[in-house]
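The values are calculated or read from the model by the stated rules, or taken from the named source; none is laboratory data. Just so it is clear, the structure is predicted and the values come from calculations on it, not from any experiment. All Cβ positions, even for glycine, are placed from backbone atoms using ideal geometry, and neighbour counts span all protein chains on display. Surface accessibility is based on the protein's heavy atoms, side chains included, excluding ligands, DNA and RNA. Shrake-Rupley method; radii C 1.70, N 1.55, O 1.52, S 1.80 Å.
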Amino acid sequence: MTNTQNQHSANGPASEPPFLSLHTAVVLLAALAIGLAIGVLTAFTGVPGAAAVIAGLTTTGASIPVLRSLIR
């Protein structure tokens, strides 16, 4: 076996694309951070926990399209 054959068998096929692109991973991670921050800040206001979770999830979902267009 040559060195390249060993490398392909250990790492899988060379043409397999990544599960998520770098752009998608950065957008989702940034949206998660924003949603988490808003959820924590909402929880500090004294509202019930469910309302803080809903605020965080809503912010996460709303920030994804904005971040997608801003991060290139």
Taking segment 40-52 and keeping residues part of a helix (DSSP H, G or I), free of Cβ contacts under 8 Å to residues at least 12 places away in the same chain and not aromatic (F, W, Y) leaves L41, A43, G49, A50, A51
So, first residue assigned to a helix (DSSP H, G or I) in segment 53-72, second residue open to solvent by 40 Å² or more (accessible area, probe 1.4 Å) and not small (G, A, S), Cβ within less than 7 Å, six or more apart or across chains; the pairs are A55/I38; G56/L36; G56/I38; T59/I34; T59/I38; T60/L32; T60/I34; S63/I34
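From the list L32, L57, L28, L41, exactly one residue is at pLDDT 95 or above, under 11 Å from the mean Cα position of the chain (by Cα) and open to solvent by 80 Å² or more (accessible area, probe 1.4 Å). Which is it? Talk me through it step by step, then tell me what you get.
Numbers: L57 fails: under 11 Å from the mean Cα position of the chain (by Cα); L28 fails: open to solvent by 80 Å² or more (accessible area, probe 1.4 Å); L41 fails: under 11 Å from the mean Cα position of the chain (by Cα).
Criteria check complete, one pass: L32.
Quick check on my filter: what residues within segment 11-25 are of a type in the set (S, T, Y), closer than 19 Å to P65 by Cβ and either part of a loop (DSSP other than H, G, I, E, B) or more than 12 Å from the chain's Cα centre (by Cα) (or both)?
Pass one, segment 11-25, residues of a type in the set (S, T, Y): 15, 21, 24.
Now drop any that are not closer than 19 Å to P65 by Cβ, which leaves 21, 24.
If the condition is that a residue be of a type in the set (S, T, Y), closer than 19 Å to P65 by Cβ and either part of a loop (DSSP other than H, G, I, E, B) or more than 12 Å from the chain's Cα centre (by Cα) (or both), then S21 is the only one that fits.
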